[in-house]
Amino acid sequence: ESFDPQAITLLLNAFARADIRDAPLFRRMSAVARAIDPADFDSQSIANILNSFARVEMADRELFAYMGRAVRAARPESFSAQSIVLVVTAVAKCEMDDPGLLEYMAGLVRAVPARQWN
């Protein structure tokens, strides 16, 4: 059986919610995720994968860089406020140095018309 973005997201989220800080498991799932085309990830999967790593305080630079490419490959309008918050918070919590990603996320927020925030 192969893993798709949703399966990876569900597995990582379950372990993170259970506060299971199994570094080999998270490294393995990072490698599995990075083997998938970045365009195959939707905004929710990206946000939840990064959030899972942040919850267990595992700063995986390769994964965060890869997911940064996935963010840019996703449709901008697919990002909800929640997914934007999760991505930005994960980047900050894991102290990832990616000002380009943070500026891209800020641009997504700025692009939402004021009337849509109600």
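Values quoted throughout were computed directly from the atomic coordinates according to the rules given, and no laboratory measurement underlies them. Worth saying up front: this structure is predicted, and the values here are computed from it rather than measured. A quick note on method: Cβ atoms are made from the backbone with ideal geometry, for glycine too, and the neighbour counts reach across all protein chains shown.
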>> Which one, L101, S80, F64, projects farthest toward the positive side of the charge dipole computed for the chain from Cβ point charges (K/R +1, D/E -1)?
In response: S80
> With each run of n ≥ 4 DSSP H residues scored as -39500 (n - 2.57), what mean residue ellipticity at 222 nm is computed for the chain after dividing by its residue count and rounding to the nearest 500 deg cm²/dmol?
Replying inline: -20500 deg cm²/dmol
> So what's the projected area for the chain, the Cα convex hull averaged over all directions, in nm²?
Replying inline: 7.2
> So how far, in whole Å, is the C-alpha centre of the range 10-39 from the one of the range 44-84?
Replying inline: 12
>> Give the residue list of GluC sites (Glu not before Pro) in the range 2-86 that are DSSP loop and have at most 16 other beta-carbon atoms within 10 angstrom.
In response: E57
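Lys and Arg at +1, Asp and Glu at -1: add these up for the other residues within a Cβ distance under 14 Å of V87 and post the number.
+1
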> Remind me, relative contact order of the chain in percent, using alpha carbon pairs under 8 angstrom and six or more residues apart?
Replying inline: 27
